[in-house]
Amino acid sequence: MIGNEKPRVTMDEITALAKRRGFIFQSSEIYGGLGGFFDYGPLGAILKRNVKNAWWREIVELRDDVVAFDSSIVMHPSTWIASGHVANFSDTMVDCKNCKHRFRADHLPSLAKCPDCGMKDTLTEPRAFNLMMQTSVGPMEDSASRAYLRPETAQGMFVNFKNIYQSARKRPPFGIAQIGKSFRNEITPGNFTFRMREFEQAELEYFVPNDGNDLAAYEEWVTARKKWYSDYGVREDRLRFYELTERERPHYAKAGTDVEYLFPWGWGELESIAHRGTYDLDAHMALSGKDLQYFDEASKSKYTPILIESSAGMDRTTLTMLVDAYDQETIKDADSGKETSRVVLRFHPKIAPVQVGVFPLARNKPDLVERAKGIERDLRAVARTQYDEGNVGQLYRRQDEIGTPFCIMIDFQSLDDGTVTVRERDSMRQDRVEAARLRAYLSERL
Ligand code: ATP
């Protein structure tokens, strides 16, 4: 928390809003749900897609040194031996012999007493639990068919390093980016979509020559990622870039930064940015016996490039956007002076699932309805729009709650003089705009 400040919003409020408005639902809810799995509803699916697009735009489309990639979720099992996941990707867990609940040992303040049932001396000795989810490939279910659902997307990019640089004709410094699902059998999933068992990652693997500029490249990526969060409006005082100390980093990493957000329960990691040396390519070369070094045509020499990685969770970033955008304020009606409270999601316009809501002043006036529907259809060319009708106060309330930056009202004056009212979400200011100018008006502001 910042000082003793009460959180602006609780996770219960976020979870309730997410369900009420169709952002996020518990997976398989009608069967009682499945721990650590979630579904994105009609608005949540767009919100998450917008977050992923915002990442992709910045990392891939607006650069000429990063190429796109999309690898399979199930890979050759040797991948996970080389990467160290088979041997080391585990958390230590303990079980309570009384209430049968399971905990991550490193999440407990003490191992003396169960935090759920409160009994003393009922926790088992900590033991390692591998977080990779297993499946089997092919018609026989035996140990030879055992495979894993990837716990990170990165390895697909390492094992394809040579295919990619040769086919894309890239030489270091250059990067490979991919967004995709990852799976981890988390011992204690929780905090809504923060810790899930199936989630999506956006990873950038940036390979640089071993010429002494590697730390500068790492710093550039930290700066670029800072700018991204700030461009999309994440509150500065709730975001921190925590630089890992030498003891906190893996032995092969020269530097590392965790990007953290201040959630209602405290700081949580959104992304990790790391200088990983040549560790990953070296590991795959050693186990596969294949050469993954870069061959420089100009100097006719080979070397293993150094890797700078940025690994961001798209579900955690989407959750951040929801929590960060949430606001509740008291507003005074200009005419009656009556005070009411409104919940508003102050999404960045590029992230907002709906950018423009369009309504007729009255749903029983065919002229108004037809005009409003026509305007909404026309604006689809420049914005994500939604037509709705009903009680005006409720329409605004609903659009505020889903974070729509602009609402357009078509009233009787619109039929006379061709103007409409545009209401801006945050200031609630209303502008009279010519309908013919709406595309330009919105394009400037979205
Ligand atoms: P944590 O310490 O929270 O378990 P981690 O350090 O294991 O995370 P990384 O392996 O660095 O996470 O993965 C990179 C990113 O992937 C994380 O910063 C996070 O945004 C996302 N991520 C990792 N595990 C999960 C999960 N269980 N649910 C949702 N997102 C996750």
Discussion item. Just to be sure I understand: of the beta bridges DSSP finds with both ends in the stretch 354-445, what percent are antiparallel, rounded to 5?
Written reply: 55
Practice prompt. Could you do me a favour and compute the accessible area per residue for the stretch 354-445, 1.4 Å probe, result in Å²?
Written response: 48
Worksheet item: In the structure shown, do any of Lys181/Lys373; Lys48/Lys226; Lys170/Lys302; Lys19/Lys332; Lys52/Lys170; Lys48/Lys100 have a Cα-Cα gap over 26 Å, and if so which?
Response: Lys181/Lys373; Lys19/Lys332; Lys48/Lys100
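As an exercise, identify the trypsin sites (Lys or Arg not before Pro) in the stretch 165-196 lying in DSSP coil whose Cβ has no more than 15 other Cβ atoms within 10 Å.
Sites meeting the loop and neighbour criteria: Arg169.
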Discussion item. Can you list, by residue number, the Cys in the chain that have no neighbouring cysteine C-beta under 4.7 Å?
Written reply: Cys407
Worksheet, complete the sentence: Extend 7 Å from the Cα of Phe37 along its Cα-to-C-beta direction; within the stretch 190-225, residues with backbone N under 11 Å of that point are 197-198
Practice prompt. Figure the gain on full extension for Lys350 and Arg384 (residue separation times 0.36 nm, minus the Cα-Cα span) and round it to one decimal in nm.
Written response: 11.3 nm
Item to complete: Any lysines with Cα under 19 Å of the Lys97 Cα? List them, leaving off those in the same chain fewer than 8 positions away.
Response: Lys113, Lys120
Practice prompt. Work out, step by step, the length gained on full extension between Arg169 and Ala224: first 0.36 nm times the residue separation, then minus their alpha carbon distance; give nm to one decimal.
Written response: 17.4 nm
Worksheet item: What does the stretch 354-445 give for Rg and for Dmax, in Å, if only its C-alpha atoms count?
Response: 11.7, 33
Item to complete: Identify, among Leu415, Val354, Leu368, the residue whose Cα sits farthest towards the positive end of the charge dipole of the stretch 354-445, taking +1 on the Cβ of Lys and Arg and -1 on the Cβ of Asp and Glu, with the dipole about the Cα centre.
Response: Val354
Discussion item. Need one number for the stretch 403-446: average projected area of the convex hull over its C-alpha atoms, nm².
Written reply: 3.0
Fill in: Neighbour-limited loop hits for trypsin sites (Lys or Arg not before Pro), the stretch 407-446 (at most 10 other Cβ within 10 Å; DSSP other than H, G, I, E, B)
Arg429
Worksheet item: Glu434 versus Asp70, label points 7 Å from Cα toward the beta carbon: distance in nm?
Response: 4.4
Worksheet item: Hey, what did the stretch 354-445 get for relative contact order, percent, Cα under 8 Å, at least 6 apart?
Response: 30
Discussion item. Taking the Cα centroid of the stretch 374-445 and of the stretch 14-92, what is the distance between the two, rounded to the nearest whole Å?
Written reply: 33
Discussion item. List the aspartates and glutamates whose Cα sits under 16 Å from the Cα of Lys365, skipping any in the same chain fewer than 8 residues away.
Written reply: Asp388, Glu389, Asp411, Asp416
Worksheet item: Relative contact order for the chain using alpha-carbon pairs under 8 Å, separation at least 6, rounded to a whole percent?
Response: 13
Worksheet entry | Residue-level accessible surface for His107, protein heavy atoms, 1.4 Å, Å² | 100
Worksheet item: Hull surface divided by four, with the convex hull built on the Cα atoms of the chain: how many nm²?
Response: 28.4
Fill in: Helix-derived mean residue ellipticity, 222 nm - over the chain, DSSP H n ≥ 4, -39500 (n - 2.57), to 500
-8000 deg cm²/dmol
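The values are calculated or read from the model by the stated rules, or taken from the named source; none is laboratory data. These figures come from a predicted structure and were not determined experimentally. Neighbour counts are summed over all protein chains in view; Cβ atoms, including those assigned to glycine, are modelled from backbone coordinates with ideal geometry. Ligands, DNA and RNA are excluded from the accessible area calculation, which covers all protein heavy atoms including side chains. Shrake-Rupley method; radii C 1.70, N 1.55, O 1.52, S 1.80 Å.
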